[in-house]
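The values are calculated or read from the model by the stated rules, or taken from the named source; none is laboratory data. Please read these numbers as outputs of a predicted model, since none were measured by experiment. Note that we place each Cβ from the backbone using ideal geometry, even for glycine, and neighbour counts take in every protein chain shown.
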Amino acid sequence: MGLFSSNYESAGPGIAKNAPKKTGIALFFDIFFRKFWLMIGLNILFFIFTLPLWATLPVMYYVSNEKVSLALVVLLLVVFAVNLGPAIAGISKVIRLFLLGRHSFIVRDFFKGYKQNFGKACVIGILDIIAALSAYAGYNVYPGMAEVYDTKIFYVPLVITFSVAIVILMMNYYIFLMMTATDLSIKNLIKNSFALAFVSLKQNIITTIALAVMLVLYGLLFIYLMPLFMLMIPLFSVVPMWFVVSFNSYPVIQKYVITPFYESRGEINPELTDGSEDIEEETLFEDMGGKEKPIEKPVEKRRKGKGRHIS
């Protein structure tokens, strides 16, 4: 059926069962647009679980008592730190199902990913926050020390700090996805993520550039279209970025972690098949997708006679 065709009542030939599967950028946009509204719902869920971070701003602004304000801010930041990792695990589980072409109830699967990985995800999330704060502190401290002591030697630890921060960032492309797909311990999750940060360096650089472009776009919205930016924060901010990360990174996890596990057991990775290769059955009905002849709408004959014919 053609969406912009005048003959919208005629059926097309259908979709062939063995039609070539989409890959690359075509597959990316296919999944993105098919799951667009689900991703909005998923972003709202993530926003709710990270709401304590945003709540610190009105607390600092409206609570006049400094001690009470400080206590509330610290409490909110602790809640945020505890929830950040599990919330990322929740969206990772749902997006992984998107990539595998499996149906997902976003609320149920989000909470499943959140609860099943709470302990490990909480530890990783807190470590990420510590790493981010350390990088921020290095950015503010080392240049100042270099200026005070009039020596560039302090730029060496600054470069080391940022190098470590970039490696940790790339490790995060894998660790939460791997967490939701496997039963690996924290030690092995960190070990594998560290290895994949270097093994798939080209892929990681592409992912980082894509995230940087998205952050620049968000920054432009913040500067020039503040109302739209404020609307996008709860609706469509983190999940699109994490979808980009997952789309680029999960095939790497399949290649280097999941598939080798099944091969060591003499099995085929079930994520790469639909199960139809294992059992060959005699079928009573053949899938005719792509083989049917289009059904054309019959042309009505106009009646002969005087007067105007209105159809």
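Are there any helices (runs of 4 or more DSSP H) wholly within segment 213-311 with 1 or more residues that are under 28 Å from the mean Cα position of the chain (by Cα), under 30 Å from Trp54 (Cβ atoms) and at pLDDT 90 or above, and if so which?
226-235, 238-253
Answer yes or no as to whether Gly90 is loosely packed, with under 15 Cβ neighbours inside 10 Å and under 21 Å from Val245 (Cα atoms).
Here the answer is no, as Gly90 does not meet what is asked.
I'd like the residue in segment 99-143 that is out of contact with any helix residue (DSSP H, G or I) (no Cβ under 6 Å at 6 or more places or on another chain) and small (Gly, Ala, Ser) and, out of all such residues, is farthest from Lys22 (Cα to Cα).
Ala137
Hey, does segment 185-197 have a residue that's exposed (fewer than 11 other Cβ atoms within 10 Å of the Cβ) and small (Gly, Ala, Ser)?
Yes, some residue in segment 185-197 is exposed (fewer than 11 other Cβ atoms within 10 Å of the Cβ) and small (Gly, Ala, Ser).
Look at Lys191 and say whether it is assigned to a helix (DSSP H, G or I), within 20 Å of Ile166 (Cβ to Cβ), modelled with pLDDT of 85 or more and over 21 Å from the mean Cα position of the chain (by Cα).
Spelling it out, Lys191 is indeed assigned to a helix (DSSP H, G or I), within 20 Å of Ile166 (Cβ to Cβ), modelled with pLDDT of 85 or more and over 21 Å from the mean Cα position of the chain (by Cα).
In segment 93-122, which residues are closer than 15 Å to Phe243 by Cα and assigned to a helix (DSSP H, G or I)?
The answer is Lys93, Val94, Ile95, Arg96, Leu97, Phe98, Leu99, Leu100, Ile106, Phe110.
Tell me, yes or no, whether segment 63-72 has at least one residue that is touching a Phe, Trp or Tyr at 6+ places or on another chain (Cβ under 7 Å), surrounded by 10 or more Cβ atoms within 10 Å (Cβ to Cβ) and at pLDDT 90 or above.
Within segment 63-72, none of the residues are touching a Phe, Trp or Tyr at 6+ places or on another chain (Cβ under 7 Å), surrounded by 10 or more Cβ atoms within 10 Å (Cβ to Cβ) and at pLDDT 90 or above.
Yes/no per residue for (1) closer than 17 Å to Asn43 by Cβ; (2) touching a residue at least 24 places away in the same chain (Cβ under 8 Å):
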{"residue": "Lys93", "(1), (2)": "yes, yes"}
{"residue": "Leu100", "(1), (2)": "no, yes"}
{"residue": "Cys122", "(1), (2)": "no, yes"}
{"residue": "Ile130", "(1), (2)": "no, no"}
{"residue": "Leu133", "(1), (2)": "no, no"}
{"residue": "Gly144", "(1), (2)": "no, no"}
{"residue": "Tyr149", "(1), (2)": "no, no"}
{"residue": "Lys152", "(1), (2)": "no, no"}
